[in-house]
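S.K.: The following block contains the structure, expressed as structure tokens.
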Amino acid sequence: MHSSLPYKTKQFFFVLIKLSIVVGAFYFIYHKLTSTDSLDVNGFFQFLKDNKVFSIKNSVLLVFLSSLNWFIEIIKWRFLVSKLKALTFSEALEQSLGSLTASLFTPNRIGEYGAKAIYYSKPYRKRILLSNLIGNLMQMTITVVLGGIGFAFYYKTYPISIDFFKISRGILIILSVAILSIIGIKKTKYKIKGFSIKKIKDYLATLGTNYITLGLCLSFLRYAVFSFQFYYILILFGITLSYPESMVIITSLYLLASIIPTISIFDVVIKGSLAIYLFGAANVTELPVLSCILLMWLLNFALPSVFGSYYVLNFNLSKLNS
């Protein structure tokens, strides 16, 4: 017989894990600030100061937009799990920010799935994973639709060359692999840890049109907030593009960034490189573009993760049974 670990030992390891998550998150933020290529940290903060980002008016508005962004995300998460369990706003807040901190340094923030699921007892966890997946797919749908429209305008407006034959060939290969995978799944009656494909389909069918529609509306609102925040920062940095012109580039940027698999630590680098290319066609220089990307990351990921670290440190094992 194998004896289980003593309770105090379990508590010690659990505290160690929580501390590791928080220390890792803070180190990740520090690393992001000190290792961004083409942008000196002192120069970055001086650039913000020169453009009055730290003035009371601008600071309040930027923090308000970030807070609104996460407020919508918290409301959205509360809505997504409403068919499984009623959450208070404070519970949804804790789960959203706590999972952000825990997933900050994981590839494509995949750790968010497990971090949110751990707040629930075993009977709920599989459906919580599905709810989180559905929420992310809703946000991706808005990004792809608006990004597709924006990129179509970008292609017509700016002189860029695209090899449509290579793109079409790539899409065809991806679709072929996806179709063959689906056929293979059906033939083998593949199951995902107790969830068959049929059960997943049945679960999606029970959600209803109103559920999907409202979820997409919340995703659109969130997209509208952080894209406007991006535009407002560009204006602070002296960029003279109009709102429609900026949105064509911003939506194209988020589209391209969303379809490139990446480890989160390189997120700013990849978005920065894409932004330099896209805004470069509109004769926008590197410094304001890179500064905007980094400031957006600090406001919408680093700052919320600092608050999320409080929930990680105060997470209790008893919540696993709630």
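S.K.: (1) farther than 29 Å from GLU112 by Cα; (2) at pLDDT 90 or above: which one isn't true of THR141, the others all being true?
M.R.: (1)
S.K.: Let me ask something additional. Can you find, within the range 261-281, the residue that is modelled with the highest pLDDT among those that are in contact with a Phe, Trp or Tyr (Cβ under 9 Å, 6 or more places away or on another chain) and open to solvent by 20 Å² or more (accessible area, probe 1.4 Å)? Write out each step before concluding.
M.R.: So the first thing to find is which residues in the range 261-281 are in contact with a Phe, Trp or Tyr (Cβ under 9 Å, 6 or more places away or on another chain), and the list is 263-265, 267-268, 271, 278, 281.
Next, only the ones that are open to solvent by 20 Å² or more (accessible area, probe 1.4 Å) stay: 263, 265, 267, 271, 281.
Values: ILE263: 54, ILE265: 54, ASP267: 69, LYS271: 83, ALA281: 89.
Residue satisfying both the conditions and the ranking: ALA281.
S.K.: Can you pull out the residues in the range 246-260 that are at pLDDT 95 or above and open to solvent by 40 Å² or more (accessible area, probe 1.4 Å)?
M.R.: none
S.K.: When residues of the range 222-245 are filtered for being without any contact (Cβ under 8 Å) to a residue 24 or more places away in the chain, closer than 25 Å to GLY43 by Cβ and not polar (S, T, N, Q), how many remain?
M.R.: Filtering the range 222-245 for residues without any contact (Cβ under 8 Å) to a residue 24 or more places away in the chain gives 224, 231, 235, 240, 242-244.
Applying the additional criterion that residues be closer than 25 Å to GLY43 by Cβ yields 231, 235, 240.
Pick out the ones that are also not polar (S, T, N, Q) and you get 231, 235.
Looking only at that region, the number is 2.
S.K.: With the structure loaded, tell me whether LEU180 is modelled with pLDDT under 85 and assigned to a helix (DSSP H, G or I) or whether it fails that test. Before you say what the answer is, go through the steps one by one.
M.R.: Numbers: modelled with pLDDT under 85: yes; assigned to a helix (DSSP H, G or I): yes.
Taking the combined requirement at face value, the residue satisfies it.
S.K.: Sort through TYR223, TYR211 and tell me the only one that's open to solvent by less than 30 Å² (accessible area, probe 1.4 Å), closer than 17 Å to ASN136 by Cα, at pLDDT below 95 and assigned to a helix (DSSP H, G or I). First the steps, then the outcome.
M.R.: Details: TYR223 fails: at pLDDT below 95.
Just a single option satisfies the conditions, and that option is TYR211.
S.K.: Just for helices (runs of 4 or more DSSP H) wholly inside the range 51-157: which have at least 2 residues that are buried (at least 16 other Cβ atoms within 10 Å of the Cβ) and of a type in the set (S, T, N, Q)? Before you say what the answer is, go through the steps one by one.
M.R.: Details: elements: 56-80, 89-103, 111-117, 122-157.
The helices (runs of 4 or more DSSP H) meeting that bar are 56-80, 89-103, 122-157.
S.K.: A further question follows. For SER161, which of the numbered conditions (1) part of a helix (DSSP H, G or I); (2) modelled with pLDDT under 85; (3) among the small types (Gly, Ala, Ser) fails to hold?
M.R.: Of (1) part of a helix (DSSP H, G or I); (2) modelled with pLDDT under 85; (3) among the small types (Gly, Ala, Ser), only one is false for SER161: (1).
The values are calculated or read from the model by the stated rules, or taken from the named source; none is laboratory data. Please read all numbers here as calculations on a predicted model, not as lab measurements. Every residue, glycine as well, gets a Cβ built from its backbone with ideal geometry; the counts of neighbours run over all protein chains shown. We work out accessible area using only protein heavy atoms, side chains counted, and drop any ligands, DNA or RNA first. Shrake-Rupley method; radii C 1.70, N 1.55, O 1.52, S 1.80 Å.
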